[in-house]
Structure formats: structure tokens, C-alpha cells
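As C-alpha cells, the structure follows; a few thoughts come after it.
The values are calculated or read from the model by the stated rules, or taken from the named source; none is laboratory data. Because the structure is predicted, anything quoted here is derived from the model rather than measured. In this analysis, Cβ positions are derived from the backbone assuming ideal geometry, glycine residues included, and neighbour counts consider all displayed protein chains. Keep in mind that these areas ignore ligands, DNA and RNA; they rest on the heavy atoms of the full protein, side chains included. Shrake-Rupley method; radii C 1.70, N 1.55, O 1.52, S 1.80 Å.
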Amino acid sequence: QVQLVESGGGLVQPGGSLRLSCAASGFTFSRFTMNWYRQAPEKGRELVATITRGGSINYADSVKDRFTISRDDGKNMVYLQMNSLKSEDTAVYYCNARLFVNTFWGQGTQVTVSS
């Protein structure tokens, strides 16, 4: 059974940091491109960061130089380190795994940036 389980969300003040984690199981993690998406209230889902199985990384312009994606294939984990958080980063963050037509989603974790 495929599972992606996010953790690490919460309430943080502007300028603060959070580290999201995503634990994967039920598929060959190392073969998949891993992504973090987010969805703010009344907005569409936005791709935040991508890391391929070869380690190539891309970020949305809005998070570049503030967020860092990483993966540990030995632990079947993907991470999103978020620094210098802004109110506009408030959203539900989703872990996604993709390989060709196969795509899996986690249930999401809420990140709220507010003073």
C-alpha cells in the first residue's frame, strides 16, 4: 500500500523556520521524482520544489534562496527546510511522488506563518 505521510507543519512567526518531512512507503522511492506542493486558501495547488532521483533540484521563484529540498533514499524520506518564512507561505503543504504516469500524494500538513 502506497503511503506518503507529511509531518513538521505548524504555526511559526514571520522570519522563522520549519522543516517538513515526508515518509514514503509502498513503492520504490529511489526511482521517483519527489515534489513539494502547497495550496493556500482559495488558491490553486502550486509546485514549490522538486528533486529528481538523480538529485537535480528546482524551486518556485517565490521560495528560491529560502527553501531547501532534500531526500534520503536510504530512509525513503524527503524534506523541505523552510527559512525566512513569510505570511504568504501559509498553506497546506503536500508531498508528491511522480514517475511517468504514476503519481502519489500525501494528506498534507498545515503551515501557518503569523505573528
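Averaged per residue, what accessible area in Å² does the chain show with a 1.4 Å probe, protein chains only?
Result: 53 Å² of accessible area for each residue.
Return, ordered by residue number, the residues of segment 16-44 whose backbone nitrogen is under 13 Å from a label point located 7 Å along Cα→Cβ of Arg98.
Under 13 Å, as judged by backbone N against the label point of Arg98, lie 32-38 of segment 16-44.
For the chain, which whole percent of the accessible surface, found with a 1.4 angstrom probe, sits on carbon and sulfur atoms?
46
Which of the lysines could a cross-linker span from Lys64 if the Cα-Cα distance has to be under 16 Å and same-chain partners fewer than 8 positions apart are dropped?
Lys64 reaches Lys86.
State, to one decimal in nm, how far the label point of Asp73 lies from the label point of Arg31, with both points 7 Å from Cα in the Cβ direction.
1.3
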